[in-house]
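To start, the structure under review is shown below, and the notes come after it.
The values are calculated or read from the model by the stated rules, or taken from the named source; none is laboratory data. These numbers come from a predicted model, not from an experiment. Note that each Cβ is placed from the backbone with ideal geometry, even for glycine, and that neighbours are counted across all protein chains shown. These accessible areas exclude ligands, DNA and RNA; they are computed on the full protein's heavy atoms, side chains included. Shrake-Rupley method; radii C 1.70, N 1.55, O 1.52, S 1.80 Å.
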Amino acid sequence: MADNSKFIDYIDEALEKSKETELSRLFFTYQGIPYPVTMCTAETFQALDTFEARSDDIVLASYPKCGSNWLLHIVSELIIAVSKKKHEHPEFPVLECGDLEKYQRMKKFPSPRILATHLHYDKLPKSIFKNNAKILVLFRNPKDTAVSFFHFHNDVPDIPSYSSWDEFFRQFMEGQVSWGSYFDFAMNWNKHIDDANVKFILYEDLKVNLASGVKQIAEFFDFSLTGEQIETISAQSTFQAMRARSQETHGAVGPFLFRKGEIGDWRNLFSETQNQEMDEKFKECLVGTCLGAKLKYDSYCQT
Ligand SMILES: Nc1ncnc2c1ncn2[C@@H]1O[C@H](COP(=O)(O)OS(=O)(=O)O)[C@@H](OP(=O)(O)O)[C@H]1O
């Protein structure tokens, strides 16, 4: 298993800052997108512009609550299986979060470095494209993503809460949540779905057949593993397995982060009007696009 102690320290620090932050003061806007003041700063974003990516960096892109910690775990386990060495997360793995010196320290990290990110495609440092790093993009249906996001805010004691699901839904639809609009993020990434070095995967596909997903991820990053290794990693990456270890891997926030891990939990919160509003938004932004088809909205988001 990867060593996550730095990771846990970073999360604990962010939670400590969150305690003193009201919801109305949680966000600051950088280049048109809201980010949480507890995790991001304008200075770090400026420093990120000069970040030098390597061709063997592993970029894992996703909108918040689409399963980035799941993907991070799978990829870390693949690296451990291939290198037969312990894989450490010497920094909080989300590229855009951290202090100003983070990118200097990262220069010394051994390859392959995992760069997780919630950034829209056009906000990534240009060196990622210049140096042809591979990018794996994880998507999840927007209704479950919104529900997961709401619970994270309202269940974790130290994170500012919304007064109600209805209030959160309004902010989500307006893109006034951390890392901005799901739909803007999706439209922005959709333009690059066929780019070389870019692969899209779906949370729901991983849920339906985890071993097949793990195999595809390994192939994309050119990791050569036996069928048995793929099965072992899949068994360690189920929701139940990850939730059982969540306190050890993610600290106090673990059980909140690994909350339910299901497809279709949106049915417990969405009203009929909210369903219609999101269906309309999906139609307006994604119907007829490659990503729109890939998301299988009719299967996962229709009543
Ligand atoms: N192994 C596995 N299987 C299925 N689902 C999983 C798994 N690991 C994480 N999850 C679910 O992913 C949701 C959290 O997403 P993120 O890790 O992207 O959250 S964050 O943005 O980094 O805070 C969150 O979804 P919800 O349970 O619906 O809230 C997690 O439970």
### Task
Please give the length that would be gained between Ser271 and Ser5 if that part of the chain were fully extended, namely 0.36 nm times their separation in residues minus their C-alpha to C-alpha distance (nm, one decimal).
91.7 nm
### Task
May I ask you to derive the FRET efficiency for Gln236 and Asp205 from their Cβ-Cβ distance with R0 = 25 Å, giving the value to the nearest 0.05?
0.85
### Query
So which of Lys102/Lys130; Lys143/Lys199; Lys65/Lys260; Lys6/Lys107 end up more than 19 Å apart by C-alpha?
Lys102/Lys130; Lys143/Lys199
### Task
Would you mind computing Rg(Cα) / (2.2 N^0.38 Å) for the chain, counting N as its residues?
0.95
### Cα-based radius of gyration of region 191-291 once divided by 2.2 N^0.38 Å, which approximates compact folds
1.37
#### Entry: Mean accessible surface per residue for the chain, computed with a 1.4 Å probe while every protein chain stays in place, in Å²
44 Å²
#### Entry: Vicinal HN-Hα couplings computed from phi for region 129-140 (Karplus, 6.51 cos²θ - 1.76 cosθ + 1.60; Hz; Gly/Pro x)
7, 4, 9, 6, 5, 7, 10, 9, 10, 9, 10, 9
### Message
Less than 20 Å from a label point 7 Å out along the Cα-to-Cβ axis of Glu262: which backbone N atoms in region 277-303 qualify, by residue?
### Response
297-303
### Query
Can you list the GluC sites (Glu not before Pro) in region 145-251 that are in a DSSP coil and have 13 or fewer other beta carbons within 10 angstrom?
Glu174
### Summary
With only helices counted (DSSP H, runs n ≥ 4, each -39500 (n - 2.57)), the per-residue ellipticity at 222 nm for the chain, to the nearest 500, works out to -13000 deg cm²/dmol
### Query
Over the chain, what percent of the accessible surface lies on carbon and sulfur atoms, probe 1.4 Å?
49 percent
### Query
So what does Thr29 come to for accessible area, using a 1.4 Å probe and Å² rounded to 10?
100 Å²
### Message
Between Lys84 and Ala196, what is 0.36 nm times their sequence separation minus the Cα-Cα distance? Round to one decimal in nm.
### Response
37.4 nm
